[in-house]
Amino acid sequence: MTSEPLSTPADNQWDTFVSGVPRETNRLIGMIYGHSLGDAVGLTTDFKTKNESADIVFPYTDSVRGFPPCDWTSNTDHLLVVMRTMSGGEFDQLTIAANLREWVSNGFPEVGDTGGSHLNGVMKMIIDDDAFTANPSQVAADVWTKSSGKFATNGSLIRSSIIGAIPDPVKVARCAAMLSVITHVDPRCVAACVLQSTLINAIVHGDVRETTDVDSILRDCISVARRHTVTDDAEVSQILDAELSNWTNLSYTKNICELRLDDISKMDYVFKSLSCSIYVMHVIRVAICNGATPSFKKVITKIVGEGGNASANASCAGAILGAYLGYSGIPREWVDQLPNRDWLNQMIMKFVNGAEDPIV
């Protein structure tokens, strides 16, 4: 995103809309804002070590890596590309691929973009491939094969949370897997997308009141993620199971510092970002146990303070926490700092009111 704020819809129009939506819609909006704010705050410590990330300031007044102050990154842009595709009524691989290619070329022109910003090399190589819009998953598979199965980054995970808006959890899992393989076919990426999306779905459309609810949701969603990543390669399946178990157990039971998010060799690893979402489930569980409500500011600041791929990590974590707290639980003083907040509000209203599937 590269522009100055827009002025539509007006705040009073947005406030009227939000005040009248049902609980599930409030949670959905909280998820979108949690994602975008996590992204914006995380930008301040992106690709830094933990020692370099001690002082987190939001809002901030200086440009970071070419982004306007307090702006979100391509992490949120990709989620919005998918959200717009869902609103457009044709949610399939080829439509999403075409819309991703369009974003790379033009960004969001209505807010002054001239192209997609700061897309990493491998992702850009996949989307720019001549065959991408005709057979995206094959292009992605070829790139993954050439990488000897080592291309397991978080590029598909950061756009997957919006799939959780779909009411049917079976369809959520299927669509999340499909969404991943457009650019990331590694089973670890697919599992992460399914897990993230189904967690969002369970929180938005469920009722999380007890610690047992949190335990049950996580256990069930992990099981679904495993079922959607079955492969014929026993070795690959074994690696996936071991990695998924390791990262989910670590992030659900240990302090976040144990995740070593700033490990330079694995900053983009998909399970690093996913583990931040699982960590938030742990935070929610502890809060419920203590009869408390998690603080969005404190949780996001803590994650961002660990460094690493902080914008992606905090995007995924912010989506989970935002879904749990709802829009009403997101700090308004942070929301007001997003440069394109009014434009985002307009997109959200269109999404809630005009998607092909009933969203809530």
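What follows draws every value from the coordinates through simple rules; no lab data is involved. All of these numbers come straight from a predicted model, not from anything done at the bench. Cβ: placed from backbone, ideal geometry, glycine included. Neighbour counts: every protein chain shown.
For the peptides 152-161, 106-115, the ranking by packing is 152-161, 106-115, with the highest mean count of neighbouring Cβ atoms within 10 Å listed first.
Residues whose amide H lies under 5 Å from that of LYS48, counting only those 5 or more places away or on a different chain, are GLY308, ALA310; hydrogens are built 1.01 Å from N in the peptide plane. Comparing ALA152, ALA140, MET125 along the charge dipole axis of the chain, the residue lying farthest to the positive side is ALA152, per the Cβ-charge model.
Taking each DSSP H run with n ≥ 4 as -39500 (n - 2.57) and averaging over every residue of the chain yields -18500 deg cm²/dmol at 222 nm.
Over the C-alpha atoms of the stretch 152-247, the Rg to Rh ratio, Rh being the Kirkwood estimate, stands at 0.97. Checked against a 23 Å cut-off, the cross-linked pairs LYS266/LYS298; LYS50/LYS146; LYS48/LYS297 give Cα-Cα distances beyond that limit for LYS266/LYS298; LYS50/LYS146. P(r) for the chain, from all Cα pairs and a bin width of 10 Å, is 6, 27, 38, 24, 5, 0 %, short bins first.
When the convex hull of its Cα atoms is viewed from all sides, the stretch 95-157 shows a mean projected area of 4.6 nm².
How many percent of Cα pairs in the stretch 161-317 exceed 27 Å? Result: 19 percent of Cα pairs exceed 27 Å. Counting Cα-Cα pairs of the stretch 43-155 in 5 Å increments starting at 0 gives whole-percent bin shares of 2, 10, 17, 19, 18, 14, 11, 6, 2, 0. The packing ranking, built from the mean of other Cβ atoms within 10 Å per residue, places the peptides 253-266, 91-104 in the order 91-104, 253-266, highest first. Counted over the stretch 86-242 with a bin width of 10 Å, the fraction of Cα pairs per bin, in whole percents, is 11, 36, 34, 16, 3, 0. Structural descriptor for the chain: relative contact order 34 percent, calculated from alpha carbon pairs under 8 angstrom and at least 6 residues apart.
Listed values for the stretch 20-29 are Karplus-derived 3J(HN,Hα) couplings in whole Hz (6.51 cos²θ - 1.76 cosθ + 1.60, θ = phi - 60°), namely x, 7, x, 4, 4, 5, 4, 5, 4, 5, and x replaces Gly and Pro.
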